[in-house]
Amino acid sequence: MRKLTCKTQNTNSTQILIENGLKDHIFELEQFFGAYRNMVIITDRNVAKHHLVSLKKQLKSFGGTVYGIVIEPGEQSKNLSTLEHIYYELSEYGITRSDAIIALGGGVVGDIAGFAAATYMRGIDFYQVPTSLIAQVDSSVGGKTGVDLTVGKNLVGAFYPAKAVIVDPNYLKTLDDHFLMDGMGEVIKYGCISSSKLFVRLMGYEYQEDLLDDMEDIVTKCLQIKRNVVEEDERESGVRRILNFGHTIGHVIETYFDYGTYTHGEAVAIGMYNITRMSVREGITPEENLKNIAVLLDTYGLPKDLPEMDENRVKHILNNDKKFEGDILNVCVIPKIGVAEIVRVHKDKAFQLFT
Ligand SMILES: NC(=O)c1ccc[n+]([C@@H]2O[C@H](COP(=O)([O-])OP(=O)(O)OC[C@H]3O[C@@H](n4cnc5c(N)ncnc54)[C@H](O)[C@@H]3O)[C@@H](O)[C@H]2O)c1
């Protein structure tokens with residue numbers, strides 16, 4: 001088993017366990033789950049179908065009561081009304097501050113369950129069991145939790161890291177191919193911002209089985225990068241901004257299309273390609289890097305082209321971006337594959353990213 005610890009100044013540290021097959025050995029993790037009277041698993045309908053019964057049974061073996069809250073799948077559930085439903089169920093089950101919430105699912109479940117844990121009774125213990133690739137390589141670590149508003153993505157939230165993150169790449173076997181490829185968008189991001197070795201490795205997979213065989217390694221590499229960045233800058237005032245590579249454009253696309261047309265990884269893919277197109281134009285990035293990103297996105301069936309969008313609506317959405325400091329937007333670019341840099345872009349110029 002691979003073990004990582006993510007230690008930050010402001011919040012508790014997170015233990016990260018990664019192993020193929022770990023999902024069937026959760027009953028052995030008494031050090032985390034042994035002392036709770038009540039545990040609540042929050043999951044979505046798709047994940048529940050395959051994995052809820054097993055997790056519930058294993059957690060019950062510690063002797064407490066285990067409840068399940070099942071939400072509808074997809075980004076459109078990551079909102080205040082689902083959150084209110086979760087609070088309501090938690091109170092129905094009589095959950096108190098000495099109990100725990102466990103997120104079993106993708107990034108949507110992790111983000112909303114984490115925010116529920118951060119805010120219900122001002123905070124109760126929280127664990128993540130990520131089941132999608134995005135959640136395994138990215139969203140389950142680093143403590144960002146929250147929900148979307150109709151005017152923008154992730155606008156309400158809190159930093160609330162899980163006490164432990166239990167990662168089993170075997171969960172990905174029931175994940176739809178579309179979402180596996182979608183998750184590759186975030187994996188490619190890690191190659192772009194921090195590891196040319198990972199980037200080159202990703203170019204070498206001809207068959208999906210080979211990729212899945214190597215997933216424990218790939219997930220560990222991505223989480224090491226994320227852990228290192230988060231430990232240095234938990235609250236995103238500096239280096240953590242590099243994790244947003246492709247996300248400024250990506251978030252606008254997701255919001256513009258009401259979180260329905262483009263999934264997160266697809267929107268980020270379009271964002272990475274188009275921000276790099278800009279940085280090539282500005283002479284920051286050599287053209288060859290853009291070509292390599294295009295090859296990799298094509299390999300994993302991810303989109304590159306900006307959809308047609310109305311300029312005024314784009315401006316309205318972009319204005320709500322959390323990365324603005326006054327009129328200046330901090331944007332991550334890559335001078336070369338494996339190296340990230342933050343550039344400060346004036347609001348007026350930021351709008352040109354979409355043309
Ligand atoms: N908190 C963070 O730091 C952070 C980082 C990156 C992304 N995110 C957020 O993560 C979300 C995207 O994550 P996502 O792509 O995992 O979305 P998701 O949670 O909607 O999962 C994608 C789909 O896969 C299904 N699914 C997940 N695991 C499965 C499994 N093992 N078997 C079968 N089906 C499964 C889900 O039901 C859903 O339909 C976005 O809301 C994004 O903002 C957060």
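The values are calculated or read from the model by the stated rules, or taken from the named source; none is laboratory data. Just so we're clear, the structure is a prediction, and the values are computed from it rather than from any experiment. So basically every Cβ, Gly included, is an ideal-geometry build from the backbone, and we count neighbours across all protein chains shown.
Summary table
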quantity: Output for region 232-276, where each listed residue is over 23 Å from PRO161 (Cα atoms) and surrounded by fewer than 18 Cβ atoms within 10 Å (Cβ to Cβ); calculated: PHE257, ASP258, GLY260, THR261
quantity: Subset of region 108-144 (residues that are in a strand (DSSP E or B) and without any contact (Cβ under 8 Å) to a residue 60 or more places away in the chain); calculated: PHE126, GLN128, PRO130, LYS144
quantity: Filter result (within 9 Å of the chain's Cα centre (by Cα) and among the aliphatic types (A, V, I, L, M)) within region 135-167; calculated: ALA135, VAL137, VAL141
quantity: Count of residues meeting criterion [surrounded by fewer than 20 Cβ atoms within 10 Å (Cβ to Cβ) and out of contact with any Leu (no Cβ under 7 Å at 6 or more places or on another chain)] in region 1-28; calculated: 18
quantity: Filter result for the condition that a residue is within 12 Å of the ligand (Cβ to nearest atom) and in contact (Cβ under 8 Å) with a residue 12 or more places away in the chain, over VAL147, VAL151; calculated: VAL147
quantity: Any hit, region 170-177, residues being more than 10 Å from the ligand (Cβ to nearest atom), more than 16 Å from the chain's Cα centre (by Cα), in a helix (DSSP H, G or I) and not small (Gly, Ala, Ser); calculated: yes
quantity: Residue within region 90-107 that is in a strand (DSSP E or B) and at positive phi present; calculated: yes
quantity: Enumeration of residues in region 29-77 that are of a type outside the set (Phe, Trp, Tyr), modelled with pLDDT of 95 or more, crowded, with 18+ Cβ neighbours inside 10 Å and part of a helix (DSSP H, G or I); calculated: ASN46, VAL47, ALA48, HIS51, LEU52, LEU55, LYS56, GLN58, LEU59, SER77
quantity: Residues of region 100-116 classified as within 13 Å of the ligand (Cβ to nearest atom) and in contact with a Phe, Trp or Tyr (Cβ under 6 Å, 6 or more places away or on another chain), total; calculated: 1
quantity: Matching entry among ILE124, ILE193 (being under 22 Å from LEU104 (Cβ atoms) and away from the ligand (no atom under 11 Å from the Cβ)); calculated: ILE124
quantity: Options PHE257, PHE324, PHE354; residue that is aromatic (Phe, Trp, Tyr) and either farther than 30 Å from PRO73 by Cα or in contact with a His (Cβ under 7 Å, 6 or more places away or on another chain) (or both); calculated: PHE324
quantity: In region 140-178, the residues that are of a type outside the set (S, T, N, Q) and over 30 Å from GLN9 (Cα atoms); calculated: VAL151, TYR171, LEU172, LYS173, LEU175, ASP176, ASP177, HIS178
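One line per residue, one yes/no per condition, for (1) assigned to a loop (DSSP other than H, G, I, E, B); (2) among the hydroxyl-bearing types (Ser, Thr, Tyr):
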site: ILE270; (1), (2): no, no
site: TYR273; (1), (2): no, yes
site: ASN289; (1), (2): no, no
site: LEU306; (1), (2): yes, no
site: LYS315; (1), (2): no, no
site: VAL331; (1), (2): no, no
site: VAL345; (1), (2): no, no
